[in-house]
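For reference, the structure is listed below as structure tokens.
The values are calculated or read from the model by the stated rules, or taken from the named source; none is laboratory data. This one's a predicted model, so the numbers in the text were calculated from it and none came from an experiment. Cβ: placed from backbone, ideal geometry, glycine included. Neighbour counts: every protein chain shown. Note: accessible area is taken over every heavy atom of the protein model, side chains too, but ligands, DNA and RNA are not part of it. Shrake-Rupley method; radii C 1.70, N 1.55, O 1.52, S 1.80 Å.
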There are 2 protein chains.
Amino acid sequence: MSDLHNIDPELLQKLVYDALIWSSLHGLVVGDKNVQRSGTVPAVGMVHAPFALLPVSFPESHWRQACELAPIFNELVDRVSLDGKFLQDSLSRTKKVDAFTSRLLDIHSKMLEINKKEEIRFASQELNQSILVNILDWILERFLETLAVSQFAEALAKAWTEYNNPRAVAMVVVQPEEHNMYDQHWICSVLKEKHDVTTVRKTLAEIDAQGELLSDGTLLVGGQEVAVVYFRAGYTPIDYPSESEWRARLLMEQSIAIKCPSISYHLAGTKKIQQELAKPNVLERFLENKDDIAKVRKCFAGLWSPDDSNIIKDAIDRPELYVMKPQREGGGNNIYGDDVRKTLMRLQREGTDEDAAYILMQRIFPTVSPSFFMRYGICYKDFGISELGMYGAYLRNKDKVIMNDHCGFGQSIFGLTTLHDLITCYLEWAVDKEHVFIITEQLLISQ
Amino acid sequence: MSDLHNIDPELLQKLVYDALIWSSLHGLVVGDKNVQRSGTVPAVGMVHAPFALLPVSFPESHWRQACELAPIFNELVDRVSLDGKFLQDSLSRTKKVDAFTSRLLDIHSKMLEINKKEEIRFASQELNQSILVNILDWILERFLETLAVSQFAEALAKAWTEYNNPRAVAMVVVQPEEHNMYDQHWICSVLKEKHDVTTVRKTLAEIDAQGELLSDGTLLVGGQEVAVVYFRAGYTPIDYPSESEWRARLLMEQSIAIKCPSISYHLAGTKKIQQELAKPNVLERFLENKDDIAKVRKCFAGLWSPDDSNIIKDAIDRPELYVMKPQREGGGNNIYGDDVRKTLMRLQREGTDEDAAYILMQRIFPTVSPSFFMRYGICYKDFGISELGMYGAYLRNKDKVIMNDHCGFGQSIFGLTTLHDLITCYLEWAVDKEHVFIITEQLLISQ
């Protein structure tokens, strides 16, 4: 594996060809951004999803550790999301500098005011492109058909069953233009074929236009009762170009439909909350079992607010050990290297609240391996990092925990020079030579 | 069905969407000719295969008739192909005016000279796009996965088994650029997964460059022994741009590999031979059973050589009842209406041998129904004709007939204004209100 330049060129060509054929015959496709309408009309302008041709070995112990942590972490996030005061207090400074988080907090406040109960709570990591895009075709098949898609669909179907109205639908909240629509369609297809659950796809604007809230909290969209709302849009400010989208988000939140995620889960997943959880004695507020606490703490990467003067000093001295991330979700705007030093010094100089818009993280240096990457039918060699994505699912109806497990995993291999094209994960585990880390986005660490 | 303008627009939109999703997830795709590399690199520039959205009802009696005829016709073609003199004599005039048929006849002559025996003979209608491109998604699924592809793959696998060398491969002869590659890949994929038969894809030029004939007749291509040759190219003169391609065709013919089709089968499928078979007392040379003869004759459309003065006179008087077709395969150059009259009069005037390049056929007027057609993600209404494609398979090892059956069928619906885009079938059954016809290409009859 490490000697990729010794691979037989003919064998490589055959692997490339077979993998491309497999992708095209089994719907491992995305919309090609170069083709008009490919983000709106299905089956037009398709190209294989980018993928790594070969797997990278991964220590079994790390995989076990991730499996063990998944239910503990699910429980933790559920409890954090129930603590409205903790969420509001922890995010109070962020609220001032981040208009997006501020709007989410407003909706959250309204729910606290009306004492909105979420009797059925459903959380799941976002199924993401990374789970679909790697490894030899037979592994791809296993992933796609056996693990990720079908297990996630099963989790959604269980949530739908708890809602207990066979005529209600599952609604996928989508972006108006979505080149990555096909893995969404896979989930909907499995939901229908295996679980007889009908799905509808709606943009936030459509939900605003067609949505209706009955007095008992029932959510109707286009006249159809919605049991489960699965957000594949709504995580970044650009998904809310007008008040219409915010009205839709509020409408859904007020309803009794099961949200994946609800606003409190969404807030519990922010980096700022992770940072709070990393502080001494905070995990203890939410978990009782000492072993569990130790396990979770062991895998936290260092996370600090850029108002801790000791850390700031160290980060200015040794910026290569840190990464600065914008508080708001979306990824791709991380600050590395000498820019960390410059940004911190500027923030110190200006002395405004802007520092609250960032968090400072320990920089993780995962193992880098040479890999073959496929994009637009072309195979090229690049250094890549391997990442284990563990997809947890948690479903609780009042006091009854119906599901708390990992629901499939994906090993993702990212090319260092093409990272910007890949989608941000919601929650993943990263691994370096020694440790498993919980991270809220993909670790985009280049050498 | 006949009242398509009364269809609920919302239902229609949903059908369109679902059908597009199904196509994209299940590999019902073709290369988009507007996208560079889409005919050479798999998984790049894909778009759904064009299809008709709704089925058209089809009389069960016609379907039964076609099923009944398939094995008789298989037998007939096999016997005709064995009669080298009949093939050479029937095509002697064609040879003078059609360079392509002439080259095929040359190869055929060489095989007669060396008294080449084809101990294992395999014939099958070409699986063609039309079988993949119609009807509601659940029917599509049944067609694609249950009937056409898997049954055709099974027939190929049986031929491969008769060859009796587990290390030999099946070779698909392909065009250098092929936008319709994915249904070929489906067959190869099923061959591998269900029957553990490895396939290779080679162009005629590659076969010339990499092919080798051992003294025992074994065909090696790129060092691999070939058990079965499946031609998806080689049916038109443009597939033979140089002597290299003809050398490849001869090499394969000389080998003991099972050809689908062999040169004699290829010649037996020409329109001229069909025309000969339609003459009085010719069927009787090849079939014994009177019932079988009557059944086959009943479904022959009128077929004449344009040297029969009575027919020429009638066709000049009533050209709307005839269609003139070039003798050579490939389709698309048929002559209709007043052009039939003009062409016949010109041929009479000139008095050359050029008339041998054409055959004259009774024009068939199939039932025309309004249909919805999908192309590039767009649904449009057009009148269409429905056609039943019956895919026969015949396999014989010396005197033992191993397979003689229809191996799946497809109901194809062609939009009258877009026919030129569809691929020519090798052999099909056409149906008008009263009859089933055997035809050698799609009946492209517009009102």
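Quick look at the values:
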| quantity | calculated |
| --- | --- |
| Criterion (among the small types (G, A, S) and modelled with pLDDT of 90 or more) met by exactly one of B:A209, B:A148, B:A153 | B:A209 |
| In the stretch B:378-420, residue modelled with the lowest pLDDT [restricted to those that are open to solvent by 60 Å² or more (accessible area, probe 1.4 Å) and under 30 Å from B:K158 (Cβ atoms)] | B:D405 |
| Every pair of residues 6+ apart whose Cβ atoms lie under 6 Å, when the first sits in the stretch B:101-112 and is under 11 Å from B:E253 (Cα atoms) while the second is open to solvent by 10 Å² or more (accessible area, probe 1.4 Å) | B:I107/B:L250 |
| Verdict on B:N281 being surrounded by fewer than 19 Cβ atoms within 10 Å (Cβ to Cβ), without any contact (Cβ under 8 Å) to a residue 60 or more places away in the chain, at positive phi and not assigned by TED's automatic domain parsing to the domain that holds B:R121 | yes |
| Helices (runs of 4 or more DSSP H) (entirely within the stretch B:2-105) containing at least 2 residues that are buried (at least 18 other Cβ atoms within 10 Å of the Cβ) and within 14 Å of another protein chain (Cβ to nearest Cβ) | B:9-25 |
| Within the stretch A:108-127, tally of residues that are under 21 Å from the mean Cα position of the chain (by Cα) and part of a helix (DSSP H, G or I) | 1 |
| Residue within the stretch B:239-251 that is surrounded by 17 or more Cβ atoms within 10 Å (Cβ to Cβ), at pLDDT below 95 and either farther than 23 Å from B:N397 by Cβ or among the β-branched types (V, I, T) (or both) present | no |
| Unmet requirement for A:V436, which otherwise passes all of (1) within 24 Å of the chain's Cα centre (by Cα); (2) modelled with pLDDT of 75 or more; (3) under 30 Å from A:F122 (Cα atoms) | (2) |
| Helices (runs of 4 or more DSSP H) wholly inside the stretch B:185-303 that include at least 2 residues being under 23 Å from B:G39 (Cα atoms) and away from every other protein chain (no Cβ under 14 Å) | B:204-210, B:243-254 |
| Enumeration of residues in the stretch B:338-357 that are under 18 Å from B:K96 (Cα atoms), acidic (D, E) and in contact (Cβ under 8 Å) with a residue 12 or more places away in the chain | B:D353, B:E354, B:D355 |
| Scope the stretch A:344-375; condition within 20 Å of A:N310 (Cβ to Cβ) and buried (at least 20 other Cβ atoms within 10 Å of the Cβ); matching residues | A:L344, A:L347, A:D355, A:A356, A:Y358, A:I359, A:L360, A:M361, A:R363 |
| Some residue of the stretch A:299-316 being open to solvent by less than 10 Å² (accessible area, probe 1.4 Å), polar (S, T, N, Q) and out of contact with any His (no Cβ under 9 Å at 6 or more places or on another chain) | no |
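Conditions tested, residue by residue: (1) touching a residue at least 60 places away in the same chain (Cβ under 8 Å); (2) in contact with a Leu (Cβ under 8 Å, 6 or more places away or on another chain); (3) of a type in the set (V, I, T); (4) in the same structural domain as B:P50 (by TED's automatic domain parsing).
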{"position": "B:Y163", "(1), (2), (3), (4)": "yes, no, no, yes"}
{"position": "B:V172", "(1), (2), (3), (4)": "yes, no, yes, yes"}
{"position": "B:E178", "(1), (2), (3), (4)": "yes, no, no, yes"}
{"position": "B:M181", "(1), (2), (3), (4)": "yes, no, no, yes"}
{"position": "B:C188", "(1), (2), (3), (4)": "no, no, no, yes"}
{"position": "B:E193", "(1), (2), (3), (4)": "no, no, no, yes"}
{"position": "B:G217", "(1), (2), (3), (4)": "no, no, no, yes"}
{"position": "B:G234", "(1), (2), (3), (4)": "yes, yes, no, yes"}
